[in-house]
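The values are calculated or read from the model by the stated rules, or taken from the named source; none is laboratory data. Computed from a prediction, not measured in an experiment: that's the story for all the values here. Using ideal geometry, Cβ is built from the backbone for each residue, glycine included, and neighbour counts are taken over all protein chains shown. We work out accessible area using only protein heavy atoms, side chains counted, and drop any ligands, DNA or RNA first. Shrake-Rupley method; radii C 1.70, N 1.55, O 1.52, S 1.80 Å.
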Amino acid sequence: MHSTWAWSLHSAEGRLRLRRRLVRHPSLAMEAAARKGRATASPRTSNAVAIATTAGPGFLEDWLSHIPLPKWALIAVAVAVAVLLLLFLVCIIRCCCGKKKPKKKERVSLQTVNSSTTASLVQPELEDLEQGTEQTGRGKLQYSLEYNFRAQELKVGIKQAAELKAMDSGGTSDPYVIVYLTSDMKKRYETKVYRKTLNPVFNESFTFQVLQAEVPESTLVMQIYDFNRFAKHDTIGEVRLPLASVSLQHVIEQWSDLVAASKVEEEQLGEICFSLRYVPSTGKLTVLILEAKKLKRMDSHGLSDPFVKVHLILNRKKWKKKTTSVKKNTLSPYFNEVFVFEVPFSQIQNVDVVISVWDHDKVTKNEPIGKLFLGCRATGNQLRHWSDMLSNPRRPLAQWHSLQPPDMVDKALGLKPHLKLPLPHR
């Protein structure tokens, strides 16, 4: 049967006979078609299946073959990478949760606290606590004030103190009082020292010479100290009373609470007004001393005998000097005296003008009250006044200046040993 089919397929005559047979017997035709289909389809499908089953493993094995590592090493690397990725994801989740959780807790805690209790939870600043302790628990002082308008005298009475702060280890203090005016800090009075008591009775009075016009500008200071024989005296407290805030038309007697002593204030030396004028073409520097006010008291009777010196400093060496007349028994002298100096324009940048106020004394040496200097090395108002003079030639410019401690000005000038200099050539 099979040989017949093979022969019939390879010969034309056999094909013809086969056709005739198939027409006569249709079942044979269907069987032949089925055999032909299986014969042609089986190789293709087997090849496709083979390709499908062998392509994947072949590619992976080929890719792995290029990595110079054994299979167990590759597996370990893959596991490590997976672990790292897992840890990275865990960290991200924790960070996100950590940022959200505090906000939730904070909101809950704020909602659970009543508004009436939040004020008690606020902690005061340390500075407020320190100030609170300084202002309380120091005691109080009784004093009296009486001003004599005819004699222009202020009488201060220190009556007594009560409930003073204990400064000694035994729970007591050795108090005494220092009294002075800020307008004349050089003149101070002290009471007697009372041993081992927190409620001393002083009953002492002191008299200050104060002009009526200067009363509103003065402040009465009464400081209570604890006496120590072998150590520095401790300050218990003080009372500061601006005289402008009280009426001196009648006698005043009152109690005041002690507060912590403030820092030592700078002594007011006074003010002076003068004018400057410079003409570059002629090289003339004109200094007009007009007046002074609120000068420091230098004499025992509460006044001074002021006069003014004008020095020219060239290259940090004293060069020229002129002096005003002396005004007797006053703290607000009026001079209106003019001085002219020849200063070539080539030297004006190297010149300092020193204005100093002195107290004249016939018996002892004259004492300086205060100083200031102007020039290119000056600062503040002094430098501004000097710059305005140079930028406005031939025009006199007047200005008020505060006097400074003489030693501070001398240090700033840094003067060299005095040498008599020849007049610079024009």
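From the list ASN203, ASN228, which one is on the phi < 0 side of the Ramachandran plot and either open to solvent by 20 Å² or more (accessible area, probe 1.4 Å) or part of a loop (DSSP other than H, G, I, E, B) (or both)? Walk me through it before giving the result.
On the way: ASN203 fails: on the phi < 0 side of the Ramachandran plot.
That would be ASN228, the only listed residue that is on the phi < 0 side of the Ramachandran plot and either open to solvent by 20 Å² or more (accessible area, probe 1.4 Å) or part of a loop (DSSP other than H, G, I, E, B) (or both).
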query = Taking the stretch 173-190 as the region of interest, how many residues are surrounded by fewer than 20 Cβ atoms within 10 Å (Cβ to Cβ) and modelled with pLDDT of 90 or more?
reply = 2
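Does any residue of the stretch 383-397 turn out to be part of a strand (DSSP E or B) and within 38 Å of the chain's Cα centre (by Cα)? Break it down stepwise before answering.
Initial filter on the stretch 383-397 (part of a strand (DSSP E or B)): 397.
When the remaining residues are screened for being within 38 Å of the chain's Cα centre (by Cα), the result is 397.
Yes; the residues of the stretch 383-397 include at least one that is part of a strand (DSSP E or B) and within 38 Å of the chain's Cα centre (by Cα).
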ask   = If we keep just the residues of the stretch 354-380 that are open to solvent by 50 Å² or more (accessible area, probe 1.4 Å) and among the hydrophobic types (A, V, I, L, M, F, W, C), which is nearest to TYR278 (Cα to Cα)?
value = CYS376
query = Restricting to the stretch 321-338, what's the tally of residues that are open to solvent by 20 Å² or more (accessible area, probe 1.4 Å), in a strand (DSSP E or B) and within 14 Å of SER356 (Cα to Cα)?
reply = 3
message = What's the total number of residues in the stretch 352-377 that are in contact (Cβ under 8 Å) with a residue 40 or more places away in the chain and over 29 Å from ALA213 (Cα atoms)?
response = 6
remark   = Output for Cβ contacts, cut-off 8 Å, separation at least six or different chains, first residue at positive phi in the stretch 126-152, second open to solvent by 90 Å² or more (accessible area, probe 1.4 Å) and modelled with pLDDT of 90 or more, reads GLY139/GLU163; GLY139/ASP257
query = Counting only residues that are part of a helix (DSSP H, G or I) and among the hydrophobic types (A, V, I, L, M, F, W, C), which one in the stretch 339-353 is least open to solvent (accessible area, probe 1.4 Å)?
reply = ILE348
